[in-house]
Structures are given as C-alpha cells and as structure tokens.
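Structure, as structure tokens:
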Amino acid sequence: MDNVQVNTSQVDTPQAVLDVRNLTMDFGGLRAVDNVSFDIMPREIVALIGPNGAGKTTVFNCITGLYEPSGGDVFIAGNGKPNRVNGLKPNKVTELGMARTFQNIRLFQNMTVLENVMIGRHCRTHSAILGAILRPPSTRREEQEIIDDSYTLLVEMGLETFVDENASSLPYGAQRRLEIARAMATEPSVLLLDEPAAGMNPMETEELQALIIRLREKHNLSILLIEHDMKLVMSLSDRVFVLEYGTEIAQGTPEVVSKDPRVIKAYLGEDDDA
C-alpha cells in the first residue's frame, strides 16, 4: 500500500474569534493594563477575573473601542479573516460582531422595553435618512422586521410581558436581562458581559447562568465575562484568565485556576461585593 502523506498546512484549525495581543493601557503615569494577552475560541465561555482595580473593565473598554490602547493589538474574526479593531469607534466595533453590557446598567429608562431592544438593531439596518423620511415599502418592511426580531428576543429573555412598559419599571434582574437582549439585538459573534450577576440573588444568578448557556448554544456565541461570583465563574467558564494590578497572574481551566496559589493570594481579604 502506498504511503499517504497529509499536508498538515492545509488542515483547518479553529480561528480565535477574539485575539488580544500584548494589550497595554496607560493613564498618564499609571499603567492600568500591562502586556495582557488572551484569546477566545468559537462557542467558548471565558471569564476575566481579579480583585478590584485589577484592570478588568479597562480591558473591556480597550476591546470595545471606548479606549484606544497605548500598546498591543485586538483582533476580531470576521469574513474569514482577523480584523484589527484598535482605534475604531465603538459603533464600528459593534458592526464587526462584538457587543457588551456594562457593570452599571445603561438602559434608556424612559423608553419602553421593546424600544430599548429596537435601538440595538440600528447597526444592522439599511434604510438611510431619505428612506426614513419618504418611508417607501422597503423601509416599512424593515421597520416591521425590527419590531418582530426585537419581540422574539424579548420572548427568548423571558421579558415579553414587559414589552410596553418603561425600562425603569422593570425589576432589577429583568433590567439585567434587558441589557443583554439589547446587546444581542446587534447580532454579535462575541458577547462581553461586565459583572452580569452583580446585585442578583441566588435564584436570579442560576437563571442567568442558564440564559448564558442557552444564548451560546442557540446563537453560536463566544462569551467573555467579568464576574466576582466565583461559583458562577467556576461552573460556567471553559477557561479563566486572572488579572492583578493590570498583569496576568494565571490562566487555565476553572479547576486549575482555583488551585493556583497566586490566585488564592490575590483574593484573600476581598469583600464579597467588590
């Protein structure tokens, strides 16, 4: 039998959906993030953890365009190639497939629940200003599609009963889910969640965990989350990256990271609500 040779250079390997390389962020003389690198693979849930002041939210802000990094690169996969997002405006980053929620809820409190989600669809619409003024049939069809898609997301989030209520009237846990729904309305490939369980009771946290898993499975999402609830992190994440004072001190599976002496030391004495 002839020997069969396989050209390994042609074997497909999974491409990272999000690739952060040597990310650095300075504020004046303060280095908030120092040479941090990590990646997220398709359909992976990755947690970014660390004590207060570790630089976690700064990393999020660099990744999503709120800050332009002082150094390093951030790439998001799209159209079969990595796209460098450094220096892009947040709306352009969103168009490439990245969406986020915030540690402090940022809903449009005086708009309805449905309207909040419809706003998230804006980056996927095609009608220009002229279309909005003249309202041809194509514009009207697109408007109805936005309404229908937004309502479908609310059903998925268990929020359909609040559809016409102002966002400000929702219970706290429902407001958290609404912010996720608005992020999902942008049709992301990568979803960034900044302390999604903050302020939630144990039952709400369990429901949140189930929701995140459902979203990953249904929408083929990759998810990066910052979270202080270690029970949630360890049961939900595929991998965990740990920051302290802006530098990475550990990475690996939840089992490996939870036993790392540096991680244990970093968390000693930290308040539960930190």
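The values are calculated or read from the model by the stated rules, or taken from the named source; none is laboratory data. This structure is a prediction, so every number in the text was calculated from the model and none was measured. For neighbour counting, all protein chains shown are included, and Cβ atoms are generated from backbone atoms with ideal geometry for every residue, glycine included.
So, of the residues in the range 158-207 that are over 27 Å from ASP19 (Cβ atoms), among the aliphatic types (A, V, I, L, M) and in the same structural domain as THR64 (by TED's automatic domain parsing), which turns out to be nearest to the chain's Cα centre (by Cα)?
Per the criteria, the residue is ALA198.
What number of residues within the range 87-101 are outside any helix (DSSP H, G or I), within 26 Å of ILE180 (Cβ to Cβ) and either within 14 Å of the chain's Cα centre (by Cα) or not charged (D, E, K, R) (or both)? So that I can check it myself, show each step before the final result.
Keep residues of the range 87-101 that are outside any helix (DSSP H, G or I), which gives 87-89, 96-101.
Now narrow it down to the ones that are within 26 Å of ILE180 (Cβ to Cβ): 88-89, 96-101.
Checking which are either within 14 Å of the chain's Cα centre (by Cα) or not charged (D, E, K, R) (or both) leaves us with 88, 96-101.
Residues in the range 87-101 being outside any helix (DSSP H, G or I), within 26 Å of ILE180 (Cβ to Cβ) and either within 14 Å of the chain's Cα centre (by Cα) or not charged (D, E, K, R) (or both): 7 in total.
Kindly establish whether GLY72 is modelled with pLDDT of 95 or more, within 30 Å of GLY28 (Cα to Cα) and outside the structural domain of MET157 (by TED's automatic domain parsing).
It is true that GLY72 is modelled with pLDDT of 95 or more, within 30 Å of GLY28 (Cα to Cα) and outside the structural domain of MET157 (by TED's automatic domain parsing).
For the range 47-70, check the following and say yes or no: at least one residue is surrounded by fewer than 17 Cβ atoms within 10 Å (Cβ to Cβ), under 24 Å from ARG216 (Cβ atoms) and more than 17 Å from the chain's Cα centre (by Cα).
Checked against the condition, which is being surrounded by fewer than 17 Cβ atoms within 10 Å (Cβ to Cβ), under 24 Å from ARG216 (Cβ atoms) and more than 17 Å from the chain's Cα centre (by Cα), the range 47-70 yields no hits at all.
Out of LEU232, LEU225, report the one residue that is surrounded by 19 or more Cβ atoms within 10 Å (Cβ to Cβ) and touching a residue at least 40 places away in the same chain (Cβ under 8 Å). Working first, answer last.
Numbers: LEU232 fails: touching a residue at least 40 places away in the same chain (Cβ under 8 Å).
After ruling out the rest, the residue left standing is LEU225.
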